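Working notes, beginning with the structure itself.
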Amino acid sequence: MEDDKSQPTRREAFIKLGVGSVTVACAGAAVFGYSYLSPNVLYEPSPIANAGKPENYPRGSVTQNLEAGIYIIHGAEGFYALSATCTHLGCLTAWNADQGIIACPCHGSKFSVLGGKLEGPAPRGLPWLKVWLGDDGELLVDRATIIPQNQYLRT
Amino acid sequence: MTIQDLRDTHVWRSVFRGGSGASNLRRAMAIQQNVFLHLASVKARTRALQFSVTWYLGTLSFGTFMILVVTGILLMLYYHPSVPQAYADMKDLQFVVSAGVFLRNLHRWSAHTMVMLVFAHMFKVFYRGAYRKPREFNWVVGVVLLIVTLLLSYTGYLLPWDQLAYWAITVGSNIMSAVPVLGQKIRFLMLGGNTVNANALLRFYVLHCVILPLAAILFIAVHFWRIRKDGGLYTGHKESQ
């Protein structure tokens, strides 16, 4: 009769051991899974784009670099680069030379040539990107670095 | 909180339908009303659970299959079945991805183990005479599963896209072309071309990751269900029919 009493507690202890082990294993699998699912190396294009020689951009020109998703603009005060990605939902905008504005085909946002927002639904203007001259005299644009407006590159 | 309390919660009961309780009826319902467990019988002979009867070889084969499914799906997240990207992805899994080498090796060793266990299972069933009436059909299902296992092993062989993989599939596909009359046609369809190339890699990938696993799951379900339908596991010549 004593055996009958001790048996359930022993079973309970085993169940607790089992549930505990499974819990630890699940926690381990979660950590393991998270580290596996986060790639350590990305094969994405570099954020730094080469836009070529500054001579290719005459003063007053707006040039869209479709591959890099940027505008290289040679304004009266110097060079600057704008992101061509609409700040609304990420569509690629286009330069409309007739109206002198940048327009988004997806939802009709409009931006000035300085990147300022003219019409919604975009919440903000197009950001200015860092531009500098590389060692070989070519324009480099860092698409990951946003700079304040009106910082021109003078060559 | 004990497990019993958990079983009494509304959420648990809404998922598993059957109520808790230690009666034989409740235990039987827990098996019979579960879509996965109902393939198995609600009762088993004590003898059938002993190690010596089966050496648990069928269950162990299924266990390695489940490991292969889980590790295989995870490996698919980093693997592109294209030339020559497949080889680079395999090297990335070994040297760049966190825990990638562990999952790849687990997949590889489980695959070898599964082939070994499936053969051992077959020999065990054969030498004990467990294939006899009324279990003849389940033996046939088992042979199909053996072939599916070997095909899974073979198709997985090409996916690393290294020299070993390339020449193994070249040799294997040339063996196929020895089939009378249709040999060359079969090889052409199998490789999607005349040489082991991008089409062959994609075909083997689809077979390895979609078609053959689905076939395996289907036949495993029938295999397990037939154990119940054929009167449970074979426990020896004295079993009552």
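Per-structure values
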{"quantity": "Residues satisfying the stated conditions in segment B:84-99, i.e. more than 21 Å from B:LEU152 (Cβ to Cβ), of a type outside the set (A, V, I, L, M) and within 13 Å of another protein chain (Cβ to nearest Cβ)", "calculated": "B:GLN85, B:LYS91, B:ASP92, B:GLN94, B:PHE95, B:SER98"}
{"quantity": "Pairs with Cβ under 7 Å, 6+ apart, first in segment A:31-49 and of a type in the set (Val, Ile, Thr), second in a loop (DSSP other than H, G, I, E, B) and surrounded by 12 or more Cβ atoms within 10 Å (Cβ to Cβ)", "calculated": "A:VAL41/B:VAL96"}
{"quantity": "Check on A:VAL19, facing chain B (nearest Cβ under 10 Å) and exposed (fewer than 10 other Cβ atoms within 10 Å of the Cβ)", "calculated": "no"}
{"quantity": "Filtered residues of segment B:30-75 (kept if in contact (Cβ under 8 Å) with a residue 12 or more places away in the chain, of a type outside the set (A, V, I, L, M, F, W, C) and either surrounded by 16 or more Cβ atoms within 10 Å (Cβ to Cβ) or not in a helix (DSSP H, G or I) (or both))", "calculated": "B:GLN33, B:ASN34, B:SER41, B:LYS43, B:ARG45, B:THR54, B:GLY58, B:SER61, B:THR64, B:THR71, B:GLY72"}
{"quantity": "Among the candidates B:PHE102, B:PHE119, B:PHE126, B:PHE137, residue that is more than 14 Å from every other protein chain (Cβ to nearest Cβ), without any contact (Cβ under 8 Å) to a residue 12 or more places away in the chain and either exposed (fewer than 15 other Cβ atoms within 10 Å of the Cβ) or at negative phi (or both)", "calculated": "B:PHE126"}
{"quantity": "Selection from segment B:92-110 of residues that are part of a loop (DSSP other than H, G, I, E, B) and of a type in the set (Ser, Thr, Tyr)", "calculated": "B:SER98"}
{"quantity": "Wholly enclosed strands (runs of 3 or more DSSP E) of segment A:104-155 bearing at least 1 residues among the aliphatic types (A, V, I, L, M) and within 24 Å of A:ASN56 (Cα to Cα)", "calculated": "A:128-133, A:139-147"}
{"quantity": "A:CYS26 vs. criteria over 23 Å from A:ASP136 (Cα atoms) and touching a Cys at 6+ places or on another chain (Cβ under 9 Å)", "calculated": "no"}
{"quantity": "Members of segment B:140-169 that are in contact (Cβ under 8 Å) with a residue 60 or more places away in the chain and in a helix (DSSP H, G or I)", "calculated": "B:VAL141, B:GLY142, B:VAL144, B:LEU145, B:VAL148, B:THR149, B:LEU151, B:LEU152"}
{"quantity": "Which numbered condition A:MET1 misses (of (1) modelled with pLDDT under 85; (2) within 14 Å of chain B (Cβ to nearest Cβ))", "calculated": "(2)"}
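The values are calculated or read from the model by the stated rules, or taken from the named source; none is laboratory data. Fair warning: this is a prediction, and the values are worked out from it, not measured in the lab. Note: ideal-geometry Cβ built from the backbone for every residue, glycine included; neighbour counts use all protein chains shown.
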